[in-house]
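Q: Attaching a single structure in C-alpha cells format; questions to follow.
The values are calculated or read from the model by the stated rules, or taken from the named source; none is laboratory data. These figures come from a predicted structure and were not determined experimentally. Quick reminder, even Gly has a Cβ in these numbers, built from the backbone with ideal geometry, and neighbours come from all protein chains shown. We work out accessible area using only protein heavy atoms, side chains counted, and drop any ligands, DNA or RNA first. Shrake-Rupley method; radii C 1.70, N 1.55, O 1.52, S 1.80 Å.
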Amino acid sequence: MLKQQFPIHYFHAYGSAFGAQFTKPSPAVVEAQAATSVAAVGGHAFASSGPFNFREIVRFNRASTQIAAVDEGDSYDTVITCAIEGINVFNHFTADEIVAHLSVKTSHDGKIESFQTVGTRFVNLRVGGVPVNPTLHDECDNEYGTGQTVNPVYDFSTKSNIVQNPKNPRGYMTTLVTNTNVQSRSIQAQGNALYVPDFGVVYLAEYLVTPYARQLNMFRIEFGCGVGGRGSGGGIGGNGSTVPPTL
C-alpha cells in the first residue's frame, strides 16, 4: 500500500485581468477575462484574452495572466503576473500597460518567508485625460503584524479614510499607492482614490493583507455617469498551506 508522503504543500494562486457588472444603461455582466488558477500540486497556468471590446465601454488590446508554482528544494515558490495592454474604459481611464505582480515564498516547514510585489506598475496611466503617475510601495518581505505604516484607503461614499489596524489578526486593507501625483483641479485625489466628475471613482492598487495571504487589485472603478455599475482589473492573489509530517 502506498504511504502518504509528507510534508505536503497545497499551492493557492489565481488571477484575472478584468471583470465587471453594469446596471445601466442596461444590466450586463462582463465575464472575467484572462482568468486562471494553479493546481493544488503546483505547476504552471496561463490564460490570455484580446483584443477585447465590450460595447465600446471597455476595451483592451491584450491581457494575460501567468502563474508558476514550484518546489525549489528549500522552499515552495509561487509567482503570479497579470498584464493588461492598451486598456480604455469609457475614454476616461486609459493606460498603455498595467502589470500586477506577486510572489510568495514558503519554507518546507510551512512558514511564509516573504511576499513581494516588485514589478507592479502603471505605464502612461491617464484618468479623466489627466496624467497619473502613482508612486507605489513594494512589499519585499512578510510585513504582517509588524506595525508598519499603512497607506490610507479612502472611501468617497463616506468621504473618510477607512481605519485599518495592521495588528488585526483577521487582516486589513491597504494600498501600494503612497502618492497619486495628480496635478488637476478637476480631479479630487484622496489616498489611492480619484474622483472624476461625470465618470465615477477610481481606486488604485488595493492590497488586502492577511497573515498568510495577499490579494492585489490594480484598479476598481465605481461608475457614476451614463454607465452604472462597477469593474475591476489586474486582480491577483495567493498563498499556500503546508501539511507537516504526522507524529
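Q: Between H108 and N161, what is the label-to-label distance in nm when each label sits 7 Å out along the Cα-to-Cβ direction?
A: A separation of 4.4 nm, rounded to one decimal place.
Q: Then there's this: For K24, give me every one of the aspartates and glutamates with a C-alpha distance below 16 angstrom, ignoring sequence neighbours fewer than eight places off in its own chain.
A: E56, D198, E222
Q: Mind checking the per residue accessible area of the chain for me, 1.4 Å probe, whole number of Å²?
A: 49
Q: Evaluate the Debye formula for region 1-92 with equal point scatterers sitting on the alpha carbons, no solvent, and hand back log10 of I(q)/I(0) at q = 0.10, 0.11, 0.24 Å⁻¹, in q order, two decimals.
A: With no solvent term, the Cα-only Debye profile gives -0.39, -0.45, -1.13.
Q: How much of the accessible area of the chain, in percent, comes from carbon and sulfur atoms when a 1.4 Å probe is used?
A: Carbon and sulfur together cover 50 percent of it.
Q: Could you tell me which GluC sites (Glu not before Pro) in region 38-96 are loop residues by DSSP with no more than 16 other beta carbons within 10 angstrom of their beta carbon?
A: Filter output for region 38-96: E56, E72.
Q: Compare the peptides 27-38, 199-210 by average per-residue count of other Cβ atoms within 10 angstrom and give them in order, highest first.
A: 199-210, 27-38
Q: Between D198 and D96, with labels modelled 7 Å along Cα→Cβ, what's the label distance in nm to one decimal, could you check?
A: Here the modelled spin labels are 2.9 nm apart.
Q: Net charge within 12 Å of R121 by Cβ-Cβ distance, Lys/Arg positive one each and Asp/Glu negative one each, not counting R121 itself?
A: That works out to -3.
Q: Students often get this wrong, so try it: which of (1) 47, 44, 35; (2) 52, 39, 33; (3) 66, 40, 29 is Cα extents along the principal axes in Å as calculated from the structure shown?
A: Structure-derived value, by its label: (3).
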